[in-house]
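The next block holds one structure in the form of structure tokens; read it before the comments.
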Amino acid sequence: MTWRPQYRSSKFRHVFGKAATKESCYDGVPITRSVQDNNFCAVNPRFLAVITECAGGGAFLVLSIHHTGKVDPHHPRISGHRGNVLDIKWNPFNDYCIASGSEDTTVKVWDIPPHGVLKNITVPWKELQGHSRRVSLIEWHQTANNILFSTAYDYQIMIWNLDCPEQVIKNPVRTISHHTDVVLSMSFNTDWSLLATTCKDRKVRLMEPRSGNLLREANCKTHKASKVMILGNMKLLLTSGTSRWNDRQIALWDQDDLSVPLLEENLDGSSGVLFPFFDPDTHMLYLAGKGDGNIRYYEISSEKPYIHYLTEYRSHLPQKGMGVMPKRGLDVSTCEVFRFYKLVTIKSLIEPLSMIVPRRSESYQEDIYPMTAANKPALTAEEWLSGLNKGPVLMSLKPGSQVADLHSEMSKGLGNSLDTRRSQNRPGMLQLAYIQDQLGIKDSKEDSSRADDSKSWTPVSNGEDLALCSPPRTENELRLKFHKQQEEIRRLRELLNQRDVRIKQLELEIKNIKNSQS
């Protein structure tokens, strides 16, 4: 009997990384020189935020996602911290809200204007005071609205409820104090009923975030874990760290038994920290090392051998940190399944990097885009704190599958209700409904429902009424007007490109129908 090799079928076997062109990168960004093992970058479909190097306190930049090319060195910043900013995260349900943790022991939550940061912002929407040492990590709750987790060098994890009228919050709703050293990473399962942490004391802990009860603890002498990731609902944990011989290593654990890892795999002898990124929709795992130029990617299964190596993206530019675009911001017309924003310190560059599934057809590929987490909370803060668990609200990425503009009023403080009027469409892939609205072929019902919003988006004025526009008087005003005009031009170009793509799709569908009929 002859031996035959066993090949494993996979839709993602040939996924490849495609770096953006120089025109689509962000050049001249003074990236922070901090040695903290964080990503220093946060992205959503509207804005890119990056921690920058500056004198006298901490600051970070917020750029429009379309503001590519050379960045003005005097671009306004968010600079309200007295110490260096160590971590930033966007609110998953509000593209105009970002939180930052700093060496000044505080966490601050900022409200970003709809047209971006046009002047320095120093006053936050909320300030969270509770930690006694520098705040190293923050995480937004992904299913409950306005719940924030933070951990600091005081070895404590604090849970904050932002649904309160006070501008300065001094009392967290829960403090978890199981750790004996600095918490290195936090990860949650899909419904956020479990919290996994790695600590400098080499232990991996699994606990209930609401009650703070410690469920399980792993203390593996052959594996020193630095980062942990709960792999969706697969009941598996993945840790990245170093082996006994200081080789970089990943380990896979059974969520119900942390006594011994299911699998340990040595990667190389480099010293940079490995950052794991997991896509629960495609079950793909990406490993990016700090100081590396390459990104390895794998497919995870719930049966042995669990981890299946796919391939590796290679580049000569080393990364200091990585931002990740939410799935709703991907370009589905190019079969993009993941997008990184790579911080290249040596060139002061932020380089978008797309992971693409090669497909010949230009139509929507439903098999690689299952229902994914939407930008709507499944629970209120009070519901989650009372003990309710729910998975994320799901949405389809298919163009035209939902209304593009979703207006919501988000109350911020007592008597301070701000009508956000912020469209929740994906700028990376404008939906058919939005394109039709721009072309003026929507029915009168939808036109009347969007009348208020269309006033705030006057053509070529980028949100300003032409009748109220005054000529710029100073050089700074002229620069701001120029940036607004550039953003408007990019928006219209993107609109035209997406219309062309849609026309091609319709032509293909018509041709297929004619062929099937003949």
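The values are calculated or read from the model by the stated rules, or taken from the named source; none is laboratory data. For clarity, every value in this text was computed on a predicted model and none was experimentally measured. Neighbour counts are summed over all protein chains in view; Cβ atoms, including those assigned to glycine, are modelled from backbone coordinates with ideal geometry. Protein only, heavy atoms only, side chains kept; ligands, DNA and RNA dropped before computing areas. Shrake-Rupley method; radii C 1.70, N 1.55, O 1.52, S 1.80 Å.
Quick notes
- Tallying residues that are in a loop (DSSP other than H, G, I, E, B), open to solvent by 50 Å² or more (accessible area, probe 1.4 Å) and not basic (K, R) within segment 371-392 yields 6.
- Residues in segment 260-282 that are of a type outside the set (D, E), farther than 20 Å from N38 by Cβ and either out of contact with any Asp or Glu (no Cβ under 6 Å at 6 or more places or on another chain) or not in a loop (DSSP other than H, G, I, E, B) (or both): V260, P261, L263, N266, L267, P280, T282.
- Residue within segment 23-36 that is touching a Ser or Thr at 6+ places or on another chain (Cβ under 8 Å) and on the phi > 0 side of the Ramachandran plot present: yes
- Each residue in segment 211-224 was checked for being buried (at least 18 other Cβ atoms within 10 Å of the Cβ) and either without any contact (Cβ under 8 Å) to a residue 40 or more places away in the chain or not in a strand (DSSP E or B) (or both), and 1 pass.
- Any hit, segment 292-312, residues being more than 17 Å from A42 (Cα to Cα), open to solvent by 50 Å² or more (accessible area, probe 1.4 Å), of a type outside the set (K, R) and touching a residue at least 60 places away in the same chain (Cβ under 8 Å): yes
- Condition check for V109: under 30 Å from S132 (Cβ atoms) and among the β-branched types (V, I, T): yes
- In segment 232-245, the residues that are free of Cβ contacts under 8 Å to residues at least 40 places away in the same chain form Cβ pairs under 6 Å with partners that are open to solvent by 10 Å² or more (accessible area, probe 1.4 Å) and outside any strand (DSSP E or B), at six or more places apart or across chains, as follows: R244/T222.
- A single entry from L118, L194, L162, L148 fulfils the requirement of being within 25 Å of S34 (Cβ to Cβ) and either open to solvent by 10 Å² or more (accessible area, probe 1.4 Å) or touching a residue at least 12 places away in the same chain (Cβ under 8 Å) (or both): L148.
- For E351, the criteria (1) closer than 30 Å to L508 by Cβ; (2) open to solvent by less than 30 Å² (accessible area, probe 1.4 Å) hold in every case but one, which is (1).
- Flag for S64 being touching a helix residue (DSSP H, G or I) at 6+ places or on another chain (Cβ under 7 Å), open to solvent by less than 30 Å² (accessible area, probe 1.4 Å) and of a type in the set (G, A, S): yes
- T122 vs. criteria hydroxyl-bearing (S, T, Y) and within 18 Å of D95 (Cβ to Cβ): no
This table checks each residue for (1) under 20 Å from the mean Cα position of the chain (by Cα); (2) farther than 25 Å from V173 by Cβ; (3) at pLDDT 95 or above.
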position: Y341; (1), (2), (3): yes, yes, yes
position: S348; (1), (2), (3): no, yes, no
position: Y364; (1), (2), (3): no, yes, no
position: I368; (1), (2), (3): yes, yes, no
position: D405; (1), (2), (3): no, yes, no
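- Restricting segment 493-503 to residues that are surrounded by 13 or more Cβ atoms within 10 Å (Cβ to Cβ) and over 25 Å from the mean Cα position of the chain (by Cα), the residue that is nearest to K119 (Cα to Cα): R499
- V123 under 30 Å from L478 (Cβ atoms), over 20 Å from the mean Cα position of the chain (by Cα) and either open to solvent by 40 Å² or more (accessible area, probe 1.4 Å) or among the aliphatic types (A, V, I, L, M) (or both): yes
- Each residue in segment 348-379 was checked for being free of Cβ contacts under 8 Å to residues at least 40 places away in the same chain and either among the charged types (D, E, K, R) or within 13 Å of M325 (Cα to Cα) (or both), and 3 pass.
- S34 touching a residue at least 12 places away in the same chain (Cβ under 8 Å), assigned to a loop (DSSP other than H, G, I, E, B) and within 26 Å of K327 (Cβ to Cβ): no
- When the residues of segment 106-115 are filtered to those that are open to solvent by 10 Å² or more (accessible area, probe 1.4 Å) and out of contact with any Asp or Glu (no Cβ under 9 Å at 6 or more places or on another chain), the one that is nearest to P45 (Cα to Cα) is P114.
- In segment 104-120, residue farthest from G58 (Cα to Cα) [restricted to those that are hydrophobic (A, V, I, L, M, F, W, C) and at pLDDT 95 or above]: I112
- Residues satisfying the stated conditions in segment 313-329, i.e. open to solvent by less than 20 Å² (accessible area, probe 1.4 Å) and over 27 Å from K235 (Cα atoms): L317, Q319, G321, G329
- Hits in segment 74-105 (condition: surrounded by fewer than 23 Cβ atoms within 10 Å (Cβ to Cβ), farther than 26 Å from A373 by Cβ and hydroxyl-bearing (S, T, Y)): S79, T105
- Complete set of residues in segment 174-190 that are within 22 Å of the chain's Cα centre (by Cα) and either surrounded by fewer than 18 Cβ atoms within 10 Å (Cβ to Cβ) or part of a strand (DSSP E or B) (or both): V183, L184, S185, M186, S187, F188
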